[in-house]
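The values are calculated or read from the model by the stated rules, or taken from the named source; none is laboratory data. Computed from a predicted model, the values in this text were never measured in an experiment. In this analysis, Cβ positions are derived from the backbone assuming ideal geometry, glycine residues included, and neighbour counts consider all displayed protein chains.
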Amino acid sequence: MTLASPRDALAINAASSPCGHVRPVDGAGELSAFLSDPRFNAVVLGPGLGVGEATRALVEAALAANGRWYSTPDALTSFADDPSGCSDWSARARTSPPY
């Protein structure tokens, strides 16, 4: 498992991650580049993403990667004003993964 972390949280995530592999990834563009590696075939978004355009962009990047992905409810709430943006989620996503 590899954890993609915003640079401003990299030290905290590296210190507390059991996976040992933490890479800096900021924003949807870097997430898309990160997920272009075929070894990464599943994505978990959150917790703590917040609601808004930045979260929408991360969700869209995860969907474009065509892997399995899970998210916290913030991702769904970020599409509340335009639910058509997540119309094909049902076959490709689940919210709140079992921990």
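Return the pair list, or none, for Cβ contacts closer than 6 Å from residues in the range 60-79 that are more than 14 Å from LEU31 (Cβ to Cβ) to residues that are part of a helix (DSSP H, G or I) and at pLDDT 85 or above, at least 6 apart or on different chains.
Filtered contacts from the range 60-79: ASP74/THR55; SER78/THR55; SER78/ARG56.
Checking the condition farther than 17 Å from MET1 by Cα, under 12 Å from the mean Cα position of the chain (by Cα) and either of a type in the set (Val, Ile, Thr) or modelled with pLDDT of 75 or more (or both), which residue from ALA57, ALA42 passes?
ALA57
Name the single residue that is farthest from GLY52 (Cα to Cα) among those in the range 1-41 being assigned to a strand (DSSP E or B) and not hydrophobic (A, V, I, L, M, F, W, C).
ARG23
Within the range 42-82, can you find the residues that are in a loop (DSSP other than H, G, I, E, B), of a type in the set (Gly, Ala, Ser) and touching a strand residue (DSSP E or B) at 6+ places or on another chain (Cβ under 9 Å)?
GLY46, ALA65, GLY67
Restricting the range 27-36 to residues that are out of contact with any Asp or Glu (no Cβ under 8 Å at 6 or more places or on another chain) and surrounded by 11 or more Cβ atoms within 10 Å (Cβ to Cβ), which is farthest from ALA65 (Cα to Cα)?
Here the answer is GLY27.
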